[in-house]
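The values are calculated or read from the model by the stated rules, or taken from the named source; none is laboratory data. Just so we're clear, the structure is a prediction, and the values are computed from it rather than from any experiment. Cβ: placed from backbone, ideal geometry, glycine included. Neighbour counts: every protein chain shown.
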Amino acid sequence: MTQHPFLLATCDSLNGPEAVKVSERPLSPLASGEIRVRIKAAALNFPDLLMTYGKYQFKPELPFTLGMEASGVIEETARGDHDFKIGDAVLVKGKTGAFATHATVTAEQLDPMPGNLSFEEGAAYRVTYITAHVSLVDKARLQPGETLVVLGAGGGVGQASVELGKALGATVIAVASSDEKLALAKQSGADYLINYRHRRFSQQVQEITKGKGADVILDPVGGPYFEESLDCVAWNGRVLVVGFASGSFGVLKTDLPVKRGCSVIGVRAGEYGRRDPAAGQRSHDNLLRMTEEHDLKPLIGKIWQLKDIQEALQAMEGREVVGKQVIRMPV
């Protein structure tokens with residue numbers, strides 16, 4: 001088989017976005033059981049940025065190809081026990097490897113792409129929506145009629161959580177740092193909008209809930225915002241620690257969960273499925289069903305070209321883009 005060159009964005013040092021370069025290499029022949037996907041689009045996630053500094057929980061060996069999620073079309077398959085065929089539109093998952101024109105994967109790394117999504121939406125869908133689903137459904141057991149507060153509601157996980165929370169029948173209070181980000185949350189279905197730049201969000205949550213507090217608080221931001229969330233969680237409420245976009249996780253003063261009778265729950269959605277594949281598959285299947293039933297889809301803030309990967313990472317670091325950022329691959 002003739003080998004064809006392909007493009008990929010690799011990180012060769014832990015110096016942040018400037019360490020990411022696009023290079024060209026030949027494709028290797030497929031081994032038994034492998035599948036080649038022609039990537040159409042890949043999405044940026046906050047862990048991608050953290051990995052360029054060596055600050056994420058998972059630390060790949062240098063050099064590595066960035067990217068946790070993508071969408072594309074199967075271009076070639078080797079012999080293997082799977083139902084995928086050439087021409088299928090698929091979602092590609094992995095810890096790395098998505099920012100490339102081709103991905104060589106196994107069937108376990110692929111899912112059929114929901115029919116209501118474009119390739120750009122499909123690329124931006126899986127990480128944030130799986131995180132939202134594992135958080136709200138599997139961990140918090142969010143119920144219809146409960147009140148959900150989503151911090152960082154203008155980001156990828158935040159936007160997915162707002163939309164999924166509404167689909168689950170919750171009253172959703174979106175919290176973000178700008179009116180532009182809150183407009184995104186409103187578009188995703190939020191019932192109440194709070195700009196924490198104006199006043200402490202915990203006070204506003206207490207006013208909205210008439211002193212009861214929120215049943216579930218989802219926090220992908222961390223730092224002082226996590227600490228403040230314990231001031232507005234309801235009795236028997238659940239605070240979901242999903243990330244630390246602020247730069248730190250925040251400090252847990254254990255007297256506060258005792259005072260509120262609440263639970264503080266850590267979420268690692270990818271690890272959830274890896275440690276319990278059956279539970280992870282059930283969660284994923286339920287999410288796919290909800291996606292098509294409720295027409296769930298990520299809101300794309302900006303589409304970049306692969307050659308602009310450094311600039312896209314810097315825009316994420318500077319929080320310059322509202323909504324998901326997507327890298328479109330060369331045709």
Take Leu49 and tell me if it is among the aliphatic types (A, V, I, L, M) and under 20 Å from Glu120 (Cα atoms). yes
Matching residues in region 45-62 - criterion: being surrounded by fewer than 19 Cβ atoms within 10 Å (Cβ to Cβ) and more than 20 Å from Gly266 (Cα to Cα): Tyr53, Gly54, Pro60, Glu61, Leu62
Per the filter on region 220-276, residues among the acidic types (Asp, Glu) and in a loop (DSSP other than H, G, I, E, B) are Asp231, Asp276
Checked region 280-292 for anything in contact (Cβ under 8 Å) with a residue 12 or more places away in the chain and either touching a strand residue (DSSP E or B) at 6+ places or on another chain (Cβ under 6 Å) or loosely packed, with under 14 Cβ neighbours inside 10 Å (or both); matches are Asn286, Glu292
Among residues of region 176-194, those that are in a helix (DSSP H, G or I) and within 17 Å of Ser229 (Cβ to Cβ), counted: 1
Cβ-Cβ under 9 Å pairs, at least 6 apart or on other chains, region 230-252 side outside the structural domain of Met316 (by TED's automatic domain parsing) and surrounded by fewer than 23 Cβ atoms within 10 Å (Cβ to Cβ), far side of a type in the set (Asp, Glu) and in a loop (DSSP other than H, G, I, E, B): Ala234/Glu146
Has region 280-293 got any residue that is modelled with pLDDT of 90 or more and not in a helix (DSSP H, G or I)? no
What pairs can you find where one residue is in region 81-106 and more than 26 Å from Phe64 (Cβ to Cβ), the other is of a type in the set (Asp, Glu), and their Cβ atoms are less than 7 Å apart, with a gap of 6+ or different chains? Ile86/Glu75; Ile86/Glu76
Somewhere in region 209-219, is a residue at pLDDT below 95, assigned by TED's automatic domain parsing to the domain that holds Ser177 and either assigned to a helix (DSSP H, G or I) or within 27 Å of Glu271 (Cα to Cα) (or both)? no
